[in-house]
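Notes to accompany the following structure.
The values are calculated or read from the model by the stated rules, or taken from the named source; none is laboratory data. Just so it is clear, the structure is predicted and the values come from calculations on it, not from any experiment. Note that we place each Cβ from the backbone using ideal geometry, even for glycine, and neighbour counts take in every protein chain shown. Each accessible area value is taken on the protein alone, full model and side chains, heavy atoms only, with ligands, DNA and RNA left out. Shrake-Rupley method; radii C 1.70, N 1.55, O 1.52, S 1.80 Å.
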Amino acid sequence: MKKTTVLQVCVAFVLCSPQAVTGSPVDCPDQDTAGTSCTISLEKLLERAVQHAELIYRVSEESKLLFDEMLISFGMNLHVPEGTMCAPKTVPVPMSKSEIQQISDKWILHSVLILAQFWIDPLVDVQTSLENYENAPSALVNRSKWMSSKLMSLEQGILVLSRQILGEGGLALEVPEETPERFVSSSSFETVRRDYSAIYCFRKDAHKMQTFLKLLKCRQIDKENCTFF
Amino acid sequence: MPLLKTPCSFRAVYVQLETQKDRGVNRVKLCVNSVTDWVADTGKMWRDAEQALTLMWLLSGISYGMCHSPPGRPRLTTCRSPEKETFTCWWEPGSTGGLPTSYHLYYRKESSLEVFECPDYHKAGNNSCYFDKRHTSIWIMYNITVVASNALGKAYSESVEIDVMDIVRPHPPENVSVTFMQTTNSPYFLVRWRPPRNTDTRSGWVTIKYEVRTKIEMSRKEEDSNWESYSAGKQLEFSIYSPQPGTNYAVQVRCKLDQGLWSEWSPSAFIQIPDNMSDTQNVVMITAVTLTVVIFLLTAGVLTVKMKPVKHFLLPPVPEPKISGLDTQLLKSGKSEEIFSALITPGYPQIAQSPDRQVECLVISDCDEEMDFDDKAHLENQKIENCLIDNAQKVSQNSIQITLNNSQDLNTTLSTVSNQLSATSSVLAEPQQLLHLYCNGSRVKAQDQNTQISYESECENVNINPAGLTGYVEVDKEKQDQKPLVGEDYSMVSDIISGNILVLQDSIPAQGHKEVKCDKTSEAEESGGVFEPLGYLETLTTFSSGS
């Protein structure tokens, strides 16, 4: 009898203890903006944001490659980057590492937030448009879906981050008034071109986002290594 | 006419016409560059001169076209950024056109129209342009063109649009070193390296990833073994376990930044694995294991064969209670006769002569007393119920003490009898022992209930047989005509008293004496051999009388 009771106690302990063990890094989703009791350390938050951004960039890279293959199979030869394909942003983004080194954390967060908010809608458009293609590879469609959802969670995460790093009201969120022009597709060629440029430019911006966040993480966490670039 | 020699690189044509009229010989002097040919012509000088001139002009035109031309179009071959902070572009020159040609690289950034020239033509070697940190911007498009120009013209290459983030390809890792670590059970060799130079991997600007590959170097064989690749992540060292002993390994490392291109493989580092690495260890282990297995098998075999003795040795059996003579097999067979007969061994059952157990009744009545037949009842009342047999004797438990209330003489007689009995050996030991009862001079009266003859009897021998077998006591008369045992002649039984006393009638009525016979029979005899455990020694007193 004794043995069985001891065993039961041990099993209960084991089952109950993970809750106590994993209590310290509390599992708060990035989207949780209303939770007051739920806290997460800045380190973990930054890590998650960086992981999100890296993953989004990788998926956008794959999407561009898939789109290239699709265009080859269509017989089109789009050489897109003719300069003005990517919509200019309202906020100037630093262009070199030295420039980025000089900007503040607030500015980094601001840029990332603007980029994330900018791309949510166009990605949704691309996704719906891709579904109308005849032979669009499903991998491409899935990736575009995935990217738009992950971008939204990244935006939420950036809001939480900015609240933590800059405090409440740190970010003067000006809602960018530019609404991307809705292309009335005159021809399928134009549609394809538009979609391709969207994916191409998004890939670039995703790279920007992940770079900014990585630098921000390094600055916040490991100050010694990051001050000297 | 001598040939005109016109070297290609002439600068001036010097034609000198000289005519010498006086001699009538027209000499045309043609001076070409450093060569002057004097042409002497007589008479046809003018015509030749004209031909020469046209020929010369023609040739000069042709040779000028052959040797000098504007440059051909150069071609941008590759642009590369090793750390995402600077980049370099290389081009391939076209034809030079025979003239010294200079190359210039011009670029334009994405949204502006301003044209810049390459900041550094020499750092990266010939036909290259190096953009340093100040001039490198990321995430914007560069439009790059190379122009070749010489005295005769210019040539433009095709424009190339690049973004720095797309052309990232790092230098190979540096200081690759390999060391062999001999640990006890798992030898391995450790590969270490440093990050590529000038690459900022610590600040998060780039995320670096390494890859290691190894190959066994076979010096003699022509065929090479294949490379084996391992992904190493961000770390700066890598362990490869269980290398083949006695071989030579070549190790190389390369790296990649973000999602860019892989670098070149680093130069090979070589390592020689020693030969006797763990062979002895293996041999020792194998022998130990086989020995253990053999020993185990042997013990198992021995145990199975000699199970019982070992078991007895280890776990001695607990003694169980046993009744000697009681065979459980017989019990199981269910034959009670055998069981009981088996139980009755010579030593069993012991006649524990407890005082009250053994009952012997020896009734001897006084033969002198004449009693009427009517007084039989009186006799009965007198004697037999009073018959007590006391077995409590000193030496032998088989002694019988007989007391009678009515006759003192009988008492003495009986005491003598008891003495005699005590002198005898154990009843049980000699089954056929006869006890003689001596009546010394005493008179024993007996009364026959049927007759009224009383007589004086002489001592009669009372034979007491231990009823182990026969179960009755014989009374031998001194007279010769001893009656057979009562058990054989039941016609003499006249009365049975209290279950185990038979009254016998003597068959000598003529004498007028009554003879007292004290016979003892056992009821066991009458019942034909049914054995009563307690009644093994029964005495019977009989009164023999004339029937």
task: First measure r as the distance between the Cβ atoms of B:Leu99 and A:Leu65, then evaluate 1/(1 + (r/R0)^6) with R0 = 30 Å and state the FRET efficiency to the nearest 0.05.
output: 0.10
- prompt: What is the gain in length, in nm to one decimal, between B:Gln235 and B:Thr292 on full extension, counting 0.36 nm per residue of separation less the C-alpha to C-alpha distance?
  reply: 16.1 nm
field: Chain lengthening between B:Trp262 and B:Ser159 when straightened (0.36 nm per residue, less Cα-Cα)
entry: 34.5 nm
- line: Neighbours of A:Ile165 by Cβ distance under 13 Å: Lys/Arg at +1, Asp/Glu at -1, summed charge +1
query: Sorted by accessible area with a 1.4 angstrom probe, largest first, how do B:Tyr106, B:Tyr156, B:Tyr249 fall?
result: B:Tyr156, B:Tyr106, B:Tyr249
task: Using label points projected 7 Å from each Cα along Cα→Cβ, tell me how many nm separate A:Gln8 and B:Asn198, to one decimal.
output: 7.3
- request: Provide the gained length on full extension for the span A:Glu99 to A:Ser138, in nm with one decimal, where the gain is 0.36 nm per separating residue minus the Cα-Cα distance.
  value: 10.1 nm
- line: Under the 7 Å Cα-to-Cβ spin-label approximation, B:Tyr188 and B:Thr54 lie apart by a distance in nanometres of 9.1
- prompt: What total accessible surface area, summed over both chains, is buried at the interface between chains A and B, computed with a 1.4 Å probe and given in Å² to the nearest 100?
  reply: 2200
query: Of the cross-linked pairs A:Lys106/A:Lys208; A:Lys150/B:Lys209; A:Lys150/A:Lys208; A:Lys44/B:Lys234; A:Lys106/A:Lys217, which ones have a Cα-Cα span greater than 18 Å in the structure shown?
result: A:Lys150/B:Lys209; A:Lys44/B:Lys234
message: For a Förster distance of 41 Å, can you work out the FRET efficiency between the beta-carbons of B:Asn282 and B:Lys311, rounded to the nearest 0.05?
response: 0.50
message: Could you compute the net charge surrounding B:Tyr130? Neighbours are other residues with a C-beta less than 9 Å from the C-beta of B:Tyr130; K and R count +1, D and E count -1.
response: -1
query: Just counting partner chain Cβ atoms within 10 Å, what average do the residues of peptide B:197-203 show around their Cβ?
result: 4
message: Tell me the net charge near B:Ala155. Cut-off is 15 Å between Cβ atoms, B:Ala155 excluded, with +1 for each Lys or Arg and -1 for each Asp or Glu.
response: +1
